[in-house]
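The values are calculated or read from the model by the stated rules, or taken from the named source; none is laboratory data. Please read all numbers here as calculations on a predicted model, not as lab measurements. When we count neighbours, we look across all protein chains shown, and the Cβ atoms used for this are built from the backbone with ideal geometry, even at glycine.
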Number of protein chains: 4
Amino acid sequence: MKKIIMGMIGGGIGAFIGDAHRRASRICNDFELVGGVFDIDYEKSKVFAAKEGISLDRCYKSVDALIKAELALPKNERMEVVAIVTPNDLHYPFAKKLLSGGFHLVCEKPMTLTVKEALDLEKLVAKTKKTFALTHTYTGYPMVRQMRDLISKGVLGTIQRIDAQYYQGWINSVIHGTGSRITGIWRLDPKHAGVSSCMGDIGVHAFNLIEYTTGLEVKEVLSDLNPVKDGIKLDLDGTVMIRFSKTLKGVIRASQICAGLENDILISVYGSKASLRWGQENPNYLYLFSDSEPTKIFKPAHGYNVKLAEEGHTMPAGHPEGIYEALANIYKGTAKSIRKEKFNPGEFPTVHDGVRGMKFIHAVINSNAKGNVWMKV
Amino acid sequence: MKKIIMGMIGGGIGAFIGDAHRRASRICNDFELVGGVFDIDYEKSKVFAAKEGISLDRCYKSVDALIKAELALPKNERMEVVAIVTPNDLHYPFAKKLLSGGFHLVCEKPMTLTVKEALDLEKLVAKTKKTFALTHTYTGYPMVRQMRDLISKGVLGTIQRIDAQYYQGWINSVIHGTGSRITGIWRLDPKHAGVSSCMGDIGVHAFNLIEYTTGLEVKEVLSDLNPVKDGIKLDLDGTVMIRFSKTLKGVIRASQICAGLENDILISVYGSKASLRWGQENPNYLYLFSDSEPTKIFKPAHGYNVKLAEEGHTMPAGHPEGIYEALANIYKGTAKSIRKEKFNPGEFPTVHDGVRGMKFIHAVINSNAKGNVWMKV
Amino acid sequence: MKKIIMGMIGGGIGAFIGDAHRRASRICNDFELVGGVFDIDYEKSKVFAAKEGISLDRCYKSVDALIKAELALPKNERMEVVAIVTPNDLHYPFAKKLLSGGFHLVCEKPMTLTVKEALDLEKLVAKTKKTFALTHTYTGYPMVRQMRDLISKGVLGTIQRIDAQYYQGWINSVIHGTGSRITGIWRLDPKHAGVSSCMGDIGVHAFNLIEYTTGLEVKEVLSDLNPVKDGIKLDLDGTVMIRFSKTLKGVIRASQICAGLENDILISVYGSKASLRWGQENPNYLYLFSDSEPTKIFKPAHGYNVKLAEEGHTMPAGHPEGIYEALANIYKGTAKSIRKEKFNPGEFPTVHDGVRGMKFIHAVINSNAKGNVWMKV
Amino acid sequence: MKKIIMGMIGGGIGAFIGDAHRRASRICNDFELVGGVFDIDYEKSKVFAAKEGISLDRCYKSVDALIKAELALPKNERMEVVAIVTPNDLHYPFAKKLLSGGFHLVCEKPMTLTVKEALDLEKLVAKTKKTFALTHTYTGYPMVRQMRDLISKGVLGTIQRIDAQYYQGWINSVIHGTGSRITGIWRLDPKHAGVSSCMGDIGVHAFNLIEYTTGLEVKEVLSDLNPVKDGIKLDLDGTVMIRFSKTLKGVIRASQICAGLENDILISVYGSKASLRWGQENPNYLYLFSDSEPTKIFKPAHGYNVKLAEEGHTMPAGHPEGIYEALANIYKGTAKSIRKEKFNPGEFPTVHDGVRGMKFIHAVINSNAKGNVWMKV
């Protein structure tokens, strides 16, 4: 089958997330990366293209140049989809231009800097009818998809409590000057990161996992955020109370300063009949707890899973797949959408998830700024 | 060595917590249970005493009768300590009488129904100079004591975030009528349980573990509680934001309706240098995370532990000890105090921990009642 | 209920296993320890008795003295049961005398030094009709009992493979002179330990767990043992192939020199329909694997367990119980037998288990000595 | 950088291992698959090529046809490396032809059917100086490489015992007719699988992991194998005692009929100072046990790891990578070798590992056939 021709904005040398997107696109094998704007610095961009074996002809100086040149190509040769993997502040202007230019998009999160921008993109996607995939990568894990399916089938009964966590430690060594990692420091700069560091970068993943797995919408939030150290301008840590209805409440906890933790994402959904728990660091285990039966562990590559979960794990049972395969599953869904094949609504997060995420981030920031009061999402 | 003569109030047939206290007192081997008031119903109390091999002469009709009769005995024959394991509402009146009567006390938590009662007991303990042990049993686990020691030695650096959880499921089947367990229903009745179910019964344990392990005091709380089901008068679930200082914040999460969970207590303390995590269901594992070194697991019965942790685990490494041994460790510390032997401040929780707990419970209830505002603890 | 009057041989100061027996007898609360011969050195024995609050009148100079004096007491005052917790070489002579004297016995394993002695004791137990409990303590864990029950009910189908492991590390530091632990060195001395160190001390536990959980008998063994270091006279490490029938085979692996391991016991039984796995260091988890269903974790204190498992765990679910409670469960079964109450065959290991164990140990030693050939058990 | 032009033999529709190789080659991004012989049935081969977007011009009828046509192409256009992913019996004849034709090879294991064939290939590789990579995929996991490095640095002291396990369950449902999986049944047919099923398919992986991580050679084996069910011609289960020297012994355990298990590979190496344990199902955890220190868990993406381990994990810590990335690491090393870049001896298993594997398999089969006697490897 013919590959979908892909471009990329950002993701040059040293950018792990760009590399992740390229790997994922190769794993799912539906895309061919032919060019892009890999770095603001054109020289660096060219060095990168050469290293990757990408033709310098399609290594562009700017997004505008890319759009112009690609649109000049015959339709069956030009880029169909572009992946945006820049710092946060550039997502919106580039997404807007590219959508308007007729390109499908894969975009990193958080989708924009403001809710207004997010709503604007949502309108533009509706208008252009282009595929827009937002890479909330964790939704690509087979057991997250299985969790969503079990909940949708009512296995938990009435949901009574939801608790999601995203605890990381890497910024801890950045702020204390003890770590060697220096990439990503733009995350602490409001100009590039937007209004939030912790909630915008990782809290929003926990939020997205909740809405993805349960199909419910968080209605209100009350947050208490912590910049942790003098001189830090954004939140590095926080707790967010969440409410879905009068009797369904929960909490999102996120922190970037949990020394020594890696990527400790955990989501638990507690129902009247049973509960489910999934953690990212051992992503192939999904725990179902119930009062009357032994705890059950669901794993990929078994007949008891829903089809969408099964399709996302290609090795026989017991051969762990990881984060690249999760992202590849999202690319696979995106490819289906671009090719107008049938696909499941859970196969990739959309511009609407991006709008929800931006509303969440801003509600959380506002709640904290106004003295820890309830804010609508 | 002569055993300390012990009595018990409550803890008759079917009361697991009374049985736990008796077992613990036998494990540590410093006590001899000689009598008590095991049930409000005197006939039941006698049936129980007979079954346990306790002399009916010292199976009393009431606490008043017990006090009168025991004080009439020669000093070396009379009860020296009494364990109070009744429903919450009876802790205070009985504790007051017994302290005034000159008895040392072991008391279940929450210590009283009100903060005023708690302060009153604190004064009485100061005045009578009696030993008062509050059974926050989880502080008896060797690895909790090791955690406290590592933190006190500065292994974590500056503490940056604290997150404690106590999630249970057994009340879920009670409220939905699906479980067989019916003991403990007094916990849902404000008359016996006081102002809170979830926070009073289990949230306070999480709170206590925080103050025990870190030596810090929670200054303020903001809570959002959930009775979960119509007709339930008390909180069964809730989230409590906590603040220690301007830059040290955290969260306590507690719930009694997490279907299928057992006793999922987890405490994580995140510092500028390293972090510690301990969970109750595998209590012999203490995790130390740091940026620059492999994760470490501390276990009991090793030379690298502090003496207090080591003394609390008597089997060679790899032979798990559990909750009874944790409670026995608290009884052991209580015995040392009664015998005026040297002991470590962490060997048993005191009346001051009870005061802190009551302040916490009431602050949490008030915060929720007033619309989720910050309340001083 | 009246306590069973108990004596003890061995178990004086510094002997952790004697302390374990005493604790267990107190936990189950059916026994009262009144005297014994706690040390070969009478003076040390008296010091110990005084410390424990045991009357010096019943702290005897020798087993003979104990028997004579106790038999002189009125029947309702004399010791009914004696626990033998000495080094291995003393089990047989003392057991023989005590059984002949009319005492019930609790005996540590390995039961004797030779198969002949073991068979002799078996005859004597049959003749005297006394209760004889051998403390293969791990059979007292509720989830081991649940495992036995699930297998007996056919949940696994036809058993196809059995694999049991007992890996320890503490002797490693003894032989390399790096550890502080010096108790137990008699284990390396053939005079006290018998023909084997590793297989006699711990391999036999793995063997016993296999026969206990499956109800099957190991027919033949082929072993390869390793003293590991020059100058060591006994096996410290070994692998034992086992056969039950032409198509059912398996392996027992045991080692005392696995640096840094604690008490890593693991038993897996693989059947045509499903498999079960239990590990001692987290004894409250029993894993059931099957092809067509999610993995299940059985835990204590749930209605889905067999009665015998449930009775052995008294705390509500999620409060871990450990090794002392396991041993207490064996003491509880022993008490039922002594009192001629109804009990389940699985409630305590018997003299027959001791005979099986001795046959196993000797077959393993002989197989190795003869050049790794098959030996009948 | 220019991609290495690759062909593939086998791996057509429904062959998961062929798909794994293709994915891995795309992940490491050094290869371009341009053609091959994907199926014995040429029509099926073409269907597959079309589906994969591979030019039908280079979809060949036979290996001979491939060799002839490719050699006719200009050197910079022709295939440089060919991956052989057929059933076992075809590895040798195809490898021989392709090596002789001047192609580098990636070959699935077991390398050949006989030791003679293996030695023959080894000579041919020496003569042709081509790169020959044998896909013992598990050696591609970063933590396996870290384990090798820690051992080579002497962290364990003198090695005292080695225990490796590979337990699977999928063939259990095949032999009992309860599973849906029917691929791989050639594994039970001596014509295609060779002399062994269990030891040839998975036991040899355990063997390879031992020699890979320790750098030691297994000198002798004594095996007891089990076909488990009447009518099965090959071993499905077995235990293999192994000896390295007079005082270093161990065991390999492998089984394909462990109902409900997935891919339960575990390797433990016990030394005089410390021990290491790694399991495949959570491949990002490497445990170091020592007597005097807390247990340590090594994980990928940390500065404390050796460079080779670090290069094999490209995501930040806490983002699990899995089996595809492990295989991609081996492809990466193969690419370095083909390009004559500097590489580490541990970066991919070689034809010599294949020779060792064949010697192991045949020694194991012979030991069993001759009545469980020691056989040299």
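Which residues, counting only those in the range C:167-193, are outside any helix (DSSP H, G or I) and modelled with pLDDT of 90 or more? Hits for the range C:167-193 are C:Tyr167, C:Gln168, C:Gly169.
Check C:Ala164, C:Ala206 and return the single one that is part of a helix (DSSP H, G or I), within 14 Å of chain D (Cβ to nearest Cβ) and in contact with a strand residue (DSSP E or B) (Cβ under 8 Å, 6 or more places away or on another chain).
C:Ala206
A:Ala24: buried (at least 23 other Cβ atoms within 10 Å of the Cβ), in contact (Cβ under 8 Å) with a residue 12 or more places away in the chain and either closer than 27 Å to D:Val47 by Cα or not assigned by TED's automatic domain parsing to the domain that holds A:Asp57 (or both), yes or no? Spelling it out, A:Ala24 is indeed buried (at least 23 other Cβ atoms within 10 Å of the Cβ), in contact (Cβ under 8 Å) with a residue 12 or more places away in the chain and either closer than 27 Å to D:Val47 by Cα or not assigned by TED's automatic domain parsing to the domain that holds A:Asp57 (or both). Applying the condition of being out of contact with any His (no Cβ under 8 Å at 6 or more places or on another chain) and not in a helix (DSSP H, G or I) to the range B:78-112 and asking which residue is farthest from B:Gly194 (Cα to Cα) yields B:Arg78.
Within the range C:225-264, the set of residues being within 14 Å of chain B (Cβ to nearest Cβ) and of a type in the set (Asp, Glu) comprises C:Glu262, C:Asp264.
Within the range B:69-92, take every residue that is of a type in the set (A, V, I, L, M) and touching a residue at least 60 places away in the same chain (Cβ under 8 Å) and give me the one that is farthest from B:Arg187 (Cα to Cα). Reasoning before the result, please.
Applying the first criterion (of a type in the set (A, V, I, L, M)) to the range B:69-92 yields B:69, B:71-73, B:79, B:81-85, B:90.
Checking the rest, the ones that are also touching a residue at least 60 places away in the same chain (Cβ under 8 Å) come to B:79, B:81-85, B:90.
Working: B:Met79: 30, B:Val81: 26, B:Val82: 23, B:Ala83: 20, B:Ile84: 17, B:Val85: 14, B:Leu90: 13 Å.
Per the criteria, the residue is B:Met79.
The listed residues are B:Leu124, B:Leu188, B:Leu134, B:Leu119, and the only one of them that is away from every other protein chain (no Cβ under 13 Å) and either among the acidic types (Asp, Glu) or surrounded by 24 or more Cβ atoms within 10 Å (Cβ to Cβ) (or both) turns out to be B:Leu134. Remark: pairs (first residue in the range B:308-328, at negative phi and more than 7 Å from chain C (Cβ to nearest Cβ); second residue part of a helix (DSSP H, G or I) and β-branched (Val, Ile, Thr); Cβ separation under 6 Å; 6+ apart in sequence or on different chains) = B:Ala326/B:Thr137; B:Leu327/B:Thr137; B:Ala328/B:Ile27. Scanning the range B:265-282 for residues that are in contact with a strand residue (DSSP E or B) (Cβ under 9 Å, 6 or more places away or on another chain) and within 7 Å of another protein chain (Cβ to nearest Cβ) yields B:Tyr270, B:Gly271, B:Ser272, B:Lys273, B:Ala274, B:Ser275, B:Glu281. When D:Ile159, D:Ile175 are screened for being more than 20 Å from the chain's Cα centre (by Cα), of a type outside the set (Asp, Glu) and farther than 26 Å from C:Phe289 by Cβ, only D:Ile159 passes. Here A:Asp230 does not fit the description of being touching a helix residue (DSSP H, G or I) at 6+ places or on another chain (Cβ under 9 Å) and more than 21 Å from A:Arg148 (Cβ to Cβ).
Would you confirm whether or not the range A:70-82 contains a residue that is on the phi < 0 side of the Ramachandran plot, among the hydrophobic types (A, V, I, L, M, F, W, C) and under 21 Å from the mean Cα position of the chain (by Cα)? There is at least one residue in the range A:70-82 that is on the phi < 0 side of the Ramachandran plot, among the hydrophobic types (A, V, I, L, M, F, W, C) and under 21 Å from the mean Cα position of the chain (by Cα). When each of D:Phe31, D:Phe16 is tested for being within 13 Å of another protein chain (Cβ to nearest Cβ) and surrounded by fewer than 19 Cβ atoms within 10 Å (Cβ to Cβ), the lone residue that passes is D:Phe16.
For D:Ser152, the test of being at pLDDT 95 or above and assigned by TED's automatic domain parsing to the domain that holds D:Tyr212 is passed.
Taking C:Glu293, is it closer than 30 Å to A:Gly303 by Cβ and either within 13 Å of chain B (Cβ to nearest Cβ) or not aliphatic (A, V, I, L, M) (or both)? Answer is yes for this residue. Restricting to the range A:342-368, count the residues that are assigned to a helix (DSSP H, G or I) and more than 19 Å from A:Met199 (Cα to Cα). Residues in the range A:342-368 being assigned to a helix (DSSP H, G or I) and more than 19 Å from A:Met199 (Cα to Cα): 3 in total.
Being modelled with pLDDT of 95 or more and not hydrophobic (A, V, I, L, M, F, W, C) is the requirement here; does C:Gly354 meet it? Yes, satisfied. Being under 19 Å from B:Tyr138 (Cα atoms), out of contact with any Cys (no Cβ under 7 Å at 6 or more places or on another chain), buried (at least 24 other Cβ atoms within 10 Å of the Cβ) and among the hydroxyl-bearing types (Ser, Thr, Tyr) narrows it down to one of B:Tyr285, B:Tyr324, so name that one. The match here is B:Tyr324. The set of residues from the range A:194-241 being within 14 Å of A:Arg253 (Cα to Cα), in contact (Cβ under 8 Å) with a residue 40 or more places away in the chain and of a type in the set (S, T, N, Q) comprises A:Ser197, A:Asn208, A:Ser223.
So which of C:Lys51, C:Lys75, C:Lys61, C:Lys2 ends up being assigned to a loop (DSSP other than H, G, I, E, B) and within 12 Å of another protein chain (Cβ to nearest Cβ)?
Sole residue among the options that is assigned to a loop (DSSP other than H, G, I, E, B) and within 12 Å of another protein chain (Cβ to nearest Cβ): C:Lys2.
Filtered by the rule that a residue be out of contact with any strand residue (DSSP E or B) (no Cβ under 9 Å at 6 or more places or on another chain) and assigned to a loop (DSSP other than H, G, I, E, B), the range B:37-48 gives B:Asp39, B:Ile40, B:Asp41. Every listed requirement among (1) farther than 23 Å from D:Ile252 by Cβ; (2) buried (at least 19 other Cβ atoms within 10 Å of the Cβ); (3) more than 14 Å from every other protein chain (Cβ to nearest Cβ) is met by D:Arg145 save one, (1).
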